[in-house]
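A.B. asks: I have a structure here, written as structure tokens, and I will follow up with some questions on it.
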């Protein structure tokens, strides 16, 4: 049986269907990530773009690992409260599945850390009910082989592996629009 991700792998992203899920980009984790600067830079781009488009954002934080790092936290719209969890899989955290369902979206764009733990477990669980795109340049792990292995496993399970630019331009749809003009500086 195909997962939601496998069913949608060939379809373009649609703004009315997507939500951004940012997982555990927190003060105690980020300093040990392999490519922490890129991780933050690409997540900031996605958040700025999501703000331009007015699309929903979910933020998850692992308890006892500090707050989401400042460069990301400062770009989030007012009223985005983190979903606190002890679980590695966000979908196993109390209230998380209901929060996602309440958005009325069928596709999650997933970023965060660590790619082979919390991101992977969340994606594998979420694929049961959602199409999921994992943004390869906006996820990270401490060691490259863990990130690579986690991404391979997610892709084999049905997640779509995308990049920040792929996601932005798929959602923009065409040049010459106001949205295009606002998004262009993000990818230059």
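Nothing in this text is a laboratory measurement; each read-out follows from the coordinates by a stated rule. Here the structure is a predicted model, which is why all the values come from computation and not from measurement. Reconstructed Cβ throughout: ideal geometry from the backbone, glycine too, with neighbour counts over all protein chains shown.
A.B. asks: Any chance you could list the semi-axes, whole Å, largest first, of the equivalent ellipsoid that the Cα gyration tensor gives for segment 90-182, using √(5λ)?
C.D. replies: Here the semi-axes work out to 24, 19, 11 Å.
A.B. asks: Which value in nm describes the separation of the simple spin-label points at residue 174 and residue 161, placed 7 Å from the Cα toward the beta carbon?
C.D. replies: In this crude label model, residue 174 to residue 161 measures out at 3.3 nm.
A.B. asks: Just 92, 141, 74 to compare: in a GNM of the chain, with alpha carbon springs under 10 Å, which one fluctuates most?
C.D. replies: 74
A.B. asks: Please give the calculated 222 nm ellipticity per residue for the chain, where each DSSP H segment of at least 4 residues contributes -39500 (n - 2.57) and the sum is spread over every residue; nearest 500 deg cm²/dmol?
C.D. replies: Helix-only estimate at 222 nm: -11000 deg cm²/dmol.
A.B. asks: For the chain, with a Gaussian network of springs between Cα atoms less than 10 Å apart, report the residue from 85, 147, 173 with the top mean-square fluctuation.
C.D. replies: Comparing 85, 147, 173 in the GNM, the peak value goes to 173.
A.B. asks: Counting only DSSP beta bridges with both residues in the chain, tell me the antiparallel percent, nearest 5.
C.D. replies: Given both bridge residues lie in the chain, the antiparallel proportion sits at roughly 5 percent.
A.B. asks: Just 27, 61, 114 to compare: in a GNM of the chain, with alpha carbon springs under 10 Å, which one fluctuates most?
C.D. replies: Residue with maximal mean-square fluctuation among 27, 61, 114: 27.
A.B. asks: Right, something else. In segment 85-135, how does Rg compare with the Kirkwood Rh, expressed as the Rg/Rh ratio over alpha carbon atoms?
C.D. replies: 0.93
A.B. asks: Taking 0.36 nm per residue of sequence separation and subtracting the Cα-Cα distance, how much length would be gained by fully extending the chain between residue 182 and residue 98, in nm to one decimal? Don't skip to the answer; put the middle values down first.
C.D. replies: Values: separation 84, 0.36 × 84 = 30.24 nm, distance 3.24 nm.
Result: 27.0 nm gained on full extension.
A.B. asks: For the residue pair residue 64 and residue 84, what label-to-label distance in nm results when each label sits 7 Å from Cα along the Cα-to-beta-carbon direction?
C.D. replies: Placing both labels 7 Å beyond Cα along the Cβ direction yields 1.3 nm.
A.B. asks: Same structure, new question: Nearest 5 percent is fine: what portion of the DSSP beta bridges confined to segment 1-108 is antiparallel? Spell out each step's value before the answer.
C.D. replies: On the way: 1 of 10 bridges.
Roughly 10 percent of the beta bridges in segment 1-108 run antiparallel, per DSSP.
A.B. asks: Another question, then. Sort the following peptides by mean Cβ neighbour count (other Cβ atoms within 10 Å, averaged over residues), highest first: 30-42, 175-187.
C.D. replies: Ranking the peptides 30-42, 175-187 by packing returns 30-42, 175-187.
A.B. asks: Over all directions, average the projected area of the Cα convex hull of the chain and note it in nm².
C.D. replies: Answer in nm², one decimal: 9.9.
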